[in-house]
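The values are calculated or read from the model by the stated rules, or taken from the named source; none is laboratory data. Values in this document were obtained by computation on a predicted structure and should not be read as measured data. We place every Cβ from the backbone using ideal geometry, glycine too, and count neighbours over all the protein chains shown.
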Amino acid sequence: MTVRGAEATETRSRSASPSTATAVTRESATAGPAQLAIPWPGEKVALTKARAEMVKFQMAARGIKDAEVLRAMGTVPRHLFVPEQHLDAAYADHPLPIGFGQTISQPYIVALMTELLRLEGYKRVLEIGTGSGYQAAVLAELLPKVYTVEIIPELAAQAQARLSALGYDNAHVLAADGYFGWVEFAPFDAIIVTAAPDQLPPPLVEQLAASGRLVIPIGPQGGLQVLWQFVNEDEGLTGYRILDVRFVPFTRVVKSAPE
């Protein structure tokens, strides 16, 4: 598969204990027609307001236009995906540490990467780098099937418990090396990567369905990284450079494909 480069037309600039999520489920959260954030049962008004302001000022005001993406960002309770000591900053527009040298991405970047996938009509998405599970929850609001791979077993277990407790039964977590994707459920309509490899992993390209989109940051650790949107077209993979970013490095545990 060939890769052709193209400039993007847009230039807009990853734990809470799983038990903290058991009091509410996504099925019990309801919203009025004009609400920016959906209040979850028992949720403090201040948290709902903070989530609404996140959607309004960090996303809509900065060019995120997809109404379904905005709805998903206003639905998922981000405060349940961050460590308790960072609860006050759960809806602030910056990444937060979640342990094991990993982070939960800033809300705007989560929204931007999700919008870049152009998910309308898609059924199945693969995420590489589950982290806290927040991005997977956002995707689970938008698609019937979400598959997400996390290389750190502890984070994978925490994320699966948290997603299940919140009612995201369509999100499935695998503890494995994300470089190899998740062959069992390929091909995927969309693939999103939340850590930065030095170059595009070939197995992920092979698992991308025809006309599918892959959103990924690429670049050296500690150096310039670029967020790319790739589209799997008939003539090959076309890449669109979106903006400069800074992500945690793409962690590997093995150098060859598992048997």
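Taking every residue in segment 217-232 that is under 16 Å from residue 114 (Cα atoms) and pairing it with any residue that is of a type in the set (S, T, N, Q) and part of a strand (DSSP E or B), at least 6 positions away or on another chain, the pairs with Cβ-Cβ distances below 6 Å are 217/225; 231/238.
Residues that are modelled with pLDDT under 95 and surrounded by fewer than 19 Cβ atoms within 10 Å (Cβ to Cβ) occur at least once in segment 208-221.
When residue 60 is tested against (1) surrounded by fewer than 21 Cβ atoms within 10 Å (Cβ to Cβ); (2) at pLDDT 95 or above; (3) under 28 Å from residue 154 (Cβ atoms), exactly one condition is not met: (3).
Residues in segment 134-155 include none that are in contact with a helix residue (DSSP H, G or I) (Cβ under 9 Å, 6 or more places away or on another chain) and either surrounded by fewer than 17 Cβ atoms within 10 Å (Cβ to Cβ) or at positive phi (or both). Filtering 196, 190 for residues that are surrounded by 22 or more Cβ atoms within 10 Å (Cβ to Cβ), within 20 Å of residue 220 (Cβ to Cβ) and aliphatic (A, V, I, L, M) leaves a single hit, 196.
Residues are listed down the side, and each one gets a yes or a no for (1) surrounded by fewer than 22 Cβ atoms within 10 Å (Cβ to Cβ); (2) touching a helix residue (DSSP H, G or I) at 6+ places or on another chain (Cβ under 6 Å); (3) under 23 Å from residue 164 (Cα atoms):
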{"position": "65", "(1), (2), (3)": "yes, no, no"}
{"position": "69", "(1), (2), (3)": "no, yes, yes"}
{"position": "81", "(1), (2), (3)": "no, yes, yes"}
{"position": "84", "(1), (2), (3)": "yes, no, yes"}
{"position": "88", "(1), (2), (3)": "yes, no, no"}
{"position": "99", "(1), (2), (3)": "yes, no, yes"}
{"position": "102", "(1), (2), (3)": "no, no, yes"}
{"position": "105", "(1), (2), (3)": "no, no, yes"}
{"position": "111", "(1), (2), (3)": "no, yes, yes"}
